[in-house]
Amino acid sequence: MGRSGKAKVGLMMLLLTVSMLVPRHRVGAAITCEQVTYLLIPCISYGVFGGTVAPSCCTGIKTLDAAAKTTEDRRKKCNCIKEGAAKIPGLNYDRVNEIPAKCGTTCPYKVTPDVDCSK
């Protein structure tokens, strides 16, 4: 990985760390954005660079799926993913949307910058 690639990874990790430190308001949802971010960090590399999906990414996705028990949880998870993805420079949304199938699971929506998480 060249200097530019290392800089992008460093920037992504900094953004994710900062986003984890920002307090989030909880309104009845059991899932927090901090949990979503933590569990999906291993997926960033594939979303930006491609290659192989890390097993820890699949574990994170499956853990989130199991934790999202209510409609409110699923909406919260969707919004956290949408907001977090928007902060990652160079993220390829086509690759992001391939991840669930590569992990042997499904996602009821396509992750895009304008996904409507209320539905």
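Rule-based calculations on the coordinates, nothing more; no lab input. Note that this is a predicted model, so its numbers are computed, not measured. Glycine also receives a Cβ, built like all others from the backbone with ideal geometry; neighbour counts cover every protein chain displayed.
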Which ³J(HN,Hα) values in Hz, rounded to whole numbers, follow from the phi angles of the stretch 76-90 under the Karplus curve 6.51 cos²θ - 1.76 cosθ + 1.60, where θ = phi - 60° and Gly and Pro get x? 4, 4, 4, 5, 5, 5, 4, 5, x, 4, 5, 8, 9, x, x
Pairwise label distance in nanometres, THR70 with CYS117, each label 7 Å out on the Cα-Cβ vector: 1.6 nm
Stokes-Einstein diffusion coefficient for the stretch 33-103 at 10 °C in a medium of 1.306 mPa s, Rh from the Kirkwood formula over Cα pairs: what value in µm²/s? 130 µm²/s
Added length on full extension, which subtracts the Cα-Cα distance from 0.36 nm per residue, THR52 to LYS102: 17.1 nm
Scalar couplings 3J(HN,Hα) for the stretch 54-60 by Karplus 6.51 cos²θ - 1.76 cosθ + 1.60 (θ = phi - 60°), nearest whole Hz, x for Gly and Pro, are 5, x, 5, 5, 4, 4, x
